[in-house]
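Visitor: Got a structure here, written out as structure tokens. Questions coming.
The values are calculated or read from the model by the stated rules, or taken from the named source; none is laboratory data. Here the structure is a predicted model, which means the values were calculated and not measured. Heads up, the Cβs are rebuilt from the backbone with ideal geometry, glycines too, and the neighbour counts pull from every protein chain shown. Each accessible area value is taken on the protein alone, full model and side chains, heavy atoms only, with ligands, DNA and RNA left out. Shrake-Rupley method; radii C 1.70, N 1.55, O 1.52, S 1.80 Å.
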Amino acid sequence: DYSEWEREWMAGPAGAARLDYWREHLTDLPTLELPLDFPRPPVQRFVGRAEAFSVPSETVEALRSLASSLRVTFFQVLAACYAVLLHRYTGQEEVVFGTPNDLRQRPELRSVVGMSVTPVVLRCSLAGNPSFAETARRVSSAVLGAVSNVVPFVSVVRALQPERDPGLNSLFQAIMTLQPAMLSPDPAWSLHQSGDLGTSKFDLDLNFEGRYDGRLDGYLVLNSELFEAEAGRRIVGHLHTLF
């Protein structure tokens, strides 16, 4: 029933209007030009390694207070930090990354069980050397535009018909995910136990998970065909500096 509804919705005026947004918003989309340790292979093999880390509860509370003072969400502050990190590493005035979003946009679909998550593309401008407050506002605008026009990612790719490169992800090469605190069968469980995940769907994959004691556990997954192991520790260190 959900799949039939989604197909009908995407074929209607609402779906068409959202695809028009993405056609306009993602025109001349830049490729993320990260400083790689190794030449990019012609074909991706999706091999990776993970660097685990924690953000203490005091820092998380300060970030939440900052979000409140800027009238943006906690997620948007984290996304602004990621945008600044990517900007500093690439030197690009526009950085692009993805984040997962829920496709169940209607209240009656909230109880549907299944994988209804799709990535949305965040295109963030850091032109003009903005302050962090201004960066957060720009990122907030990008997030609000993206989640207000969420459609299945495959529909966006089909609509835009980007030039395909088997060594590069379409539309975005980095992603960020924030998982809220959830009940765990083992209170001692941590993302730190994930270890080397062994795969990387993107060049950079930054993951946060809220914990009930207020801290964030996280891990950064890097494509190990592009980056040395030291790169993960260096990037996580710079992320802590930003926080």
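Visitor: Express the relative contact order of the chain as a whole percentage, based on alpha carbon pairs under 8 Å and six or more residues apart in sequence. Can you show the working numbers first?
Guide: Working: 375 pairs, mean separation 78.4, N = 243.
Computed value for the chain: 32 percent relative contact order.
Visitor: Here is a further query. DSSP loop trypsin sites (Lys or Arg not before Pro) in the stretch 1-84 with at most 15 other Cβ atoms within 10 Å of their Cβ, which ones? Don't jump to the answer; show the numbers that get you there.
Guide: Numbers: sites: Arg7, Arg18, Arg23, Arg45, Arg49, Arg64, Arg71; in loops: Arg45, Arg71.
Those satisfying the criteria are Arg45, Arg71.
Visitor: With θ set to phi - 60° and the Karplus curve 6.51 cos²θ - 1.76 cosθ + 1.60, what are the ³J(HN,Hα) couplings of the stretch 148-164 in order, to the nearest whole Hz, using x for Gly and Pro?
Guide: Those phi angles translate into 6, 10, 5, 9, x, 4, 4, 5, 5, 4, 5, 6, 7, 6, x, 5, 8 Hz.
Visitor: Note the full-extension length gain between Glu61 and Trp5 as 0.36 nm times their separation in residues minus their Cα-Cα distance, in nm to one decimal.
Guide: Numbers: separation 56, 0.36 × 56 = 20.16 nm, distance 4.07 nm.
Value of the extension gain: 16.1 nm.
Visitor: Can you list which of the chymotrypsin sites (Phe, Trp or Tyr not before Pro) found in the stretch 43-139 are DSSP loop residues with at most 14 other C-beta atoms within 10 Å? Please list the in-between numbers first.
Guide: Working: sites: Phe46, Phe53, Phe74, Phe75, Tyr82, Tyr89, Phe97, Phe132; in loops: Phe46.
Those satisfying the criteria are Phe46.
Visitor: Then there is this: With a ≥ b ≥ c taken as the square roots of the eigenvalues of the C-alpha gyration tensor of the chain, please select rounded if a/c is under 1.5 and otherwise prolate if a/b is larger than b/c or oblate if it is not?
Guide: Values: a/c = 1.33, a/b = 1.18, b/c = 1.13.
It comes out rounded by the Cα gyration axes.
Visitor: Could you work out the helix-only [θ] at 222 nm for the chain, with each DSSP H run of four or more residues adding -39,500 (n - 2.57) and the total divided by the number of residues, to the nearest 500 deg cm²/dmol? Could the numbers behind the result be given before it?
Guide: Working: 7 runs with 93 residues, N = 243.
Taken over the chain, the calculation gives -12000 deg cm²/dmol.
Visitor: Additional query: So how far, in whole Å, is the C-alpha centre of the stretch 83-118 from the one of the stretch 29-70?
Guide: Result: 14 Å between the Cα centres.
Visitor: A further question follows. List the residues, sorted by chain then number, that are 5 or more residues from Gln179 or on another chain and whose placed amide H is less than 5 Å from its amide H.
Guide: Residues meeting the amide H criterion: Phe208, Glu209, Gly210.
Visitor: Now for a different question. Skipping prolines and chain starts, which residues have an amide H placed within reach, meaning under 5 Å, of the one on Glu94, given they are 5 or more residues away or on another chain?
Guide: Leu126
Visitor: Ignoring ligands, DNA and RNA, what percent of the 1.4 Å accessible area of the chain is carbon and sulfur? Don't jump to the answer; show the numbers that get you there.
Guide: Details: 6560 of 12530 Å².
Reported share for carbon and sulfur atoms: 52 percent.
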